[in-house]
1. Of (1) 11, 44, 38, 6; (2) 11, 40, 40, 9, 0; (3) 11, 37, 29, 16, 7, 0, which one was derived for P(r) over Cα pairs in 10 Å bins from 0, in percent from the structure shown?
2. Could you please report the charge total around Ala3, scoring K, R as +1 and D, E as -1 over all other residues with beta-carbon less than 14 angstrom from its beta-carbon?
3. Which angle between 0 and 90 degrees, to the nearest 10, do you get for helix 23-49 versus the longest principal axis of the chain when only C-alpha atoms count?
4. Taking the Cβ of Thr66 as the center, what net charge do the other residues with Cβ under 13 Å away carry, scoring Lys and Arg +1 and Asp and Glu -1?
5. Take the Cβ-Cβ distance between Ala3 and Arg119 as r, set R0 to 35 Å, and report the resulting FRET efficiency rounded to the nearest 0.05.
6. Which value, in debye to the nearest 20, describes the size of the charge dipole of the chain about its Cα centre when Lys and Arg Cβ atoms bear +1, Asp and Glu Cβ atoms bear -1, and nothing else is charged?
7. Cut-off is 10 Å between beta-carbons; in what order do Met1, Met17 appear when sorted fewest neighbours first?
8. Looking at Ala145, Ala19, Ala7, which one has the Cα that reaches farthest to the positive end of the dipole of the chain (charges on Cβ: Lys, Arg +1; Asp, Glu -1)?
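No value in this document is a laboratory result; all are computed from the given coordinates. Note that this is a predicted model, so its numbers are computed, not measured. Positions of Cβ are backbone-derived with ideal geometry, glycine not excepted, and every protein chain shown enters the neighbour counts.
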Amino acid sequence: MDAFAAAIEASAIGGVMRASPWAYPAANLLHLLGLVLLVGGIGFLDLRLIGAFRQIPVVALSRALTPIAVAGLVLMLLTGPLLFAADATALVRSDMFLCKMVLAAIAVANALAFRGLWRRHAGEPTPPLKLMALTSIGLWLAVAALGRLIAYT
């Protein structure tokens, strides 16, 4: 893994991300925007499913917010490798980073499983969906916190 990380860091993209005065900050801001879109979009839907905002129909809220959350995830998936390339050798040794990646993978798996159940239950907030929504909130907040903590370890 260290050799792979060193190769990524030594790549042209890694060099640009470290040398350019704007590339890393721009990628970081876009990554943060992706996080806001993802957690904001899916977070409000999750809160609705566990009982908040009962006056808003859950299916309509899902139709409005899911594309925003997906756009945020895509933005994070595009910018994350750029940020990684700048400091790959240190990141692969970081427990915070590795934990963030594991939790992000679990959060995405939870979201995919949620969508499968959602379709079967026609958008009804059943107990399993509510549990998955609560899990989603916790996972994405943990991913965000770990991402911010990487800089301090």
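1. For P(r) over Cα pairs in 10 Å bins from 0, in percent, the calculated option is (3).
2. -1
3. 20
4. Working: positive: Arg48, Arg63, Arg115, Arg119; negative: Asp46.
Once all neighbours under 13 Å are counted, the net charge is +3.
5. Plugging the Cβ-Cβ distance into 1/(1 + (r/R0)^6) gives 0.25.
6. Approximately 560 debye in magnitude.
7. Working: Met1 9, Met17 23.
Taking fewest neighbouring Cβ atoms as first place, the list is Met1, Met17.
8. The one lying farthest along the dipole's positive direction is Ala145.
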